[in-house]
Amino acid sequence: MGKSSKDKRDIYYRKAKEEGWRARSAFKLLQIDDSFDVFKDVKHVVDLCAAPGSWSQVISRRLWIPARDAGTAAEDMPKIVAIDLQPMAPIEGVVQIQGDITSLAKVNEVLTHFEGKLADLIVSDGAPDVTGLHDMDEFMQAQLILAGLAVCAHILRPGGTYIAKVFRGKDVALLYAQLKMFFTQVTCAKPKSSRNSSVEAFVVCQDFRPPEGFDPKNLRVILEERARGLLADDVDLGLMSWPDECVVPFVACGDLNGYDADMNYDLDFESKVGHKPYVPLAPIAPPTEPPYKTAIAREKAKKEAFAKAHEKPGKARKKELQALKKKQEEELAARAAGGSIEL
């Protein structure tokens with residue numbers, strides 16, 4: 001599929017390049033903010049699974065850049081930390097940490113950048129590589145959300161907000177129930193820029209209130225106990241029935257009269273001088289160290305080794321003879337130029 005075809009197929013991909021966003025996912029956070037005002041009174045933000053950095057861009061443009069332009073003192077500037085296993089190009093006002101979000105050392109590093117203060121907002125647009133096995137993908141995504149919850153348990157202030165990507169499957173109610181143990185309000189949000197054909201949505205967890213006497217070290221035990229309690233209820237209620245505490249509001253975010261992520265839109269061909277071919281824009285920030293780089297190098301080396309091992313007999317000898325013949329011809333030409341030839 002050509003670049004123009006992709007621009008036509010995905011209006012938000014095209015608009016992201018036009019507006020300087022690194023990925024179309026920037027519109028998802030913008031539309032969530034339109035509905036929930038998640039940046040209000042926020043000074044400390046953590047972006048988990050941040051690469052390539054579109055959500056960090058949104059946070060920077062909504063918080064750090066306005067504060068800088070307003071002449072805010074350095075000690076009062078918003079602080080933004082982005083964490084990912086992969087490196088990414090720098091973003092104004094964003095401190096990058098390369099590492100695993102489940103590492104306690106990385107969590108403590110965030111607190112160092114925040115000078116001991118807790119985060120007001122933690123966001124995560126990360127997702128594991130999908131396998132095509134829907135139950136497995138939904139389970140892995142739920143585990144990633146709970147990994148983000150573990151980060152919240154250590155560095156999110158009481159009353160703070162946590163936003164994360166979720167795959168809505170048949171067991172997503174269990175995840176909602178677990179999140180509601182720590183947040184007063186949990187909402188399932190579907191941005192307009194997220195395709196209707198996708199099970200993707202976002203959990204917006206507001207007003208962080210962990211259980212009384214909660215110790216982050218006991219998070220796994222608490223989550224497992226909650227799961228066992230719900231599974232016990234299923235024996236009487238049936239697998240398709242869930243208690244009311246597992247039900248959360250659903251909110252469609254973004255202008256309903258805006259662009260439809262599932263539609264194709266014609267490319268703009270008009271110009272001041274008449275018609276001209278549409279020229280697609282290059283991505284804003286291609287991956288600096290794509291995870292597939294090592295795989296490509298390994299595959300190339302494998303092919304070269306295979307070709308060398310299966311080289312036809314005599315082929316190497318033929319190359320040597322050709323090189324020798326060429327050398328002899330060059331010597332004869334040199335002697336002829338000198339006026340004498342020895343036979």
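The values are calculated or read from the model by the stated rules, or taken from the named source; none is laboratory data. These numbers were taken from a predicted model, which means no experiment stands behind them. Every residue, glycine as well, gets a Cβ built from its backbone with ideal geometry; the counts of neighbours run over all protein chains shown.
Of all strands (runs of 3 or more DSSP E) completely enclosed by region 18-111, which ones contain at least 3 residues that are within 26 Å of ALA153 (Cβ to Cβ), under 18 Å from the mean Cα position of the chain (by Cα) and touching a residue at least 40 places away in the same chain (Cβ under 8 Å)?
Values: elements: 44-48, 79-84, 94-98.
The strands (runs of 3 or more DSSP E) meeting that bar are 44-48.
Condition test on GLY159, is it farther than 21 Å from VAL247 by Cβ and part of a strand (DSSP E or B)? Show your work before the answer.
Values: farther than 21 Å from VAL247 by Cβ: yes; part of a strand (DSSP E or B): yes.
Judged against the criteria, GLY159 is a match.
In region 292-314, which residue that is part of a loop (DSSP other than H, G, I, E, B) and farther than 30 Å from GLN86 by Cβ is modelled with the lowest pLDDT? Reasoning before the result, please.
Here is the first cut: in region 292-314, the ones part of a loop (DSSP other than H, G, I, E, B) are 292, 310-314.
Still in the running and farther than 30 Å from GLN86 by Cβ: 310-314.
Details: HIS310: 69, GLU311: 65, LYS312: 60, PRO313: 57, GLY314: 66.
Restricting to residues being part of a loop (DSSP other than H, G, I, E, B) and farther than 30 Å from GLN86 by Cβ, the top hit is PRO313.
Test MET140 against the criterion of being free of Cβ contacts under 8 Å to residues at least 24 places away in the same chain, surrounded by 13 or more Cβ atoms within 10 Å (Cβ to Cβ), farther than 18 Å from ALA82 by Cβ and hydrophobic (A, V, I, L, M, F, W, C), and give yes or no.
Details: free of Cβ contacts under 8 Å to residues at least 24 places away in the same chain: yes; surrounded by 13 or more Cβ atoms within 10 Å (Cβ to Cβ): yes; farther than 18 Å from ALA82 by Cβ: yes; hydrophobic (A, V, I, L, M, F, W, C): yes.
Considered against the rule, which asks whether it is free of Cβ contacts under 8 Å to residues at least 24 places away in the same chain, surrounded by 13 or more Cβ atoms within 10 Å (Cβ to Cβ), farther than 18 Å from ALA82 by Cβ and hydrophobic (A, V, I, L, M, F, W, C), MET140 comes out as yes.
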